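What follows is a set of notes on a single structure, which appears directly below.
The values are calculated or read from the model by the stated rules, or taken from the named source; none is laboratory data. Since this is a predicted model, take the numbers as computed values, not measurements. Note that we place each Cβ from the backbone using ideal geometry, even for glycine, and neighbour counts take in every protein chain shown.
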Amino acid sequence: MDLPTGFGLKGLKQLRRAWIEVEQEALSRITGKVRPALPKDDLHLIRRQIDDCLSETGGAASARARAARLGGVYLDLDAEGRNNFLKLLAFEYGVDDDALRESARAWLALDSEGQAADLTSRLDAEARLRRTLQSPRMRLLTKFNDLPEGVKFLADMRAQLLEIRKEDPQLRAFDREF
């Protein structure tokens, strides 16, 4: 049987790639497993795992297990997927601007009426400002650091970030936090 001339080996390869993508997307939806390139369709799965990892529920052992599971997902990604993972952290898990403004205003308001604030109020406002300045992504990296081989994991993650940081100011900000 002869195939039509316009449908050569190149066409078959493209068709095969398309079918593989459809299959991988379907498997991802069914199993909840992230595809290696971490396409946009899979970002919600990673967000959920990051949010679970950042939650303070379940105690230290549970938090460590969630961090290890998320770290394993990152290691299973290909270069494109790791870049997408880092971009997600850079773009969606930075400092909360609204909370920062509110904390800064509260700190500045302590002396706004010309009266020196009492020491306890000042220290409380400073502590709140420090907590606000610690981004969720830094809290996540701290959890990774606590894992066995966590420092090496973070060094490899930063090396990946260094390759893409020039693409966007938020990636550069993430790199500075690292």
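Numbers for the structure displayed
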item: Members of the range 133-164 that are crowded, with 18+ Cβ neighbours inside 10 Å and under 30 Å from Trp107 (Cα atoms); result: Ser135, Arg137, Leu140, Leu141, Lys143
item: Selected residue (only one of Arg66, Arg128 is over 21 Å from Ala173 (Cα atoms), among the charged types (D, E, K, R) and crowded, with 18+ Cβ neighbours inside 10 Å); result: Arg66
item: Those residues of the range 127-140 which are under 22 Å from Asn83 (Cβ atoms) and assigned to a helix (DSSP H, G or I), in sequence order; result: Pro136, Arg137, Met138, Arg139, Leu140
item: Tally of residues being among the acidic types (Asp, Glu) and closer than 20 Å to Gln49 by Cβ across the range 132-178; result: 3
item: Pairs where the first residue, in the range 38-56, is in the same structural domain as Asn83 (by TED's automatic domain parsing) and among the β-branched types (Val, Ile, Thr) and the second is surrounded by 16 or more Cβ atoms within 10 Å (Cβ to Cβ) and not in a helix (DSSP H, G or I), C-beta under 8 Å, 6+ apart; result: Ile46/Val34; Ile46/Leu38; Ile50/Tyr93
item: Some residue of the range 162-176 being in contact with a Phe, Trp or Tyr (Cβ under 7 Å, 6 or more places away or on another chain) and of a type outside the set (D, E, K, R); result: yes
item: Of all residues making up the range 141-168, the number that are closer than 12 Å to Leu86 by Cβ and among the polar types (S, T, N, Q); result: 1
item: Candidate set: the range 26-50, residues that are closer than 17 Å to Asn84 by Cα and either in contact with a Pro (Cβ under 9 Å, 6 or more places away or on another chain) or polar (S, T, N, Q) (or both); chosen: the one modelled with the lowest pLDDT; result: Ser28
item: Selection from the range 95-126 of residues that are at pLDDT 90 or above and not in a helix (DSSP H, G or I); result: Val95, Asp96
item: Residue in the range 155-171 that is farther than 22 Å from Leu77 by Cα and either in a loop (DSSP other than H, G, I, E, B) or out of contact with any strand residue (DSSP E or B) (no Cβ under 6 Å at 6 or more places or on another chain) (or both) present; result: yes
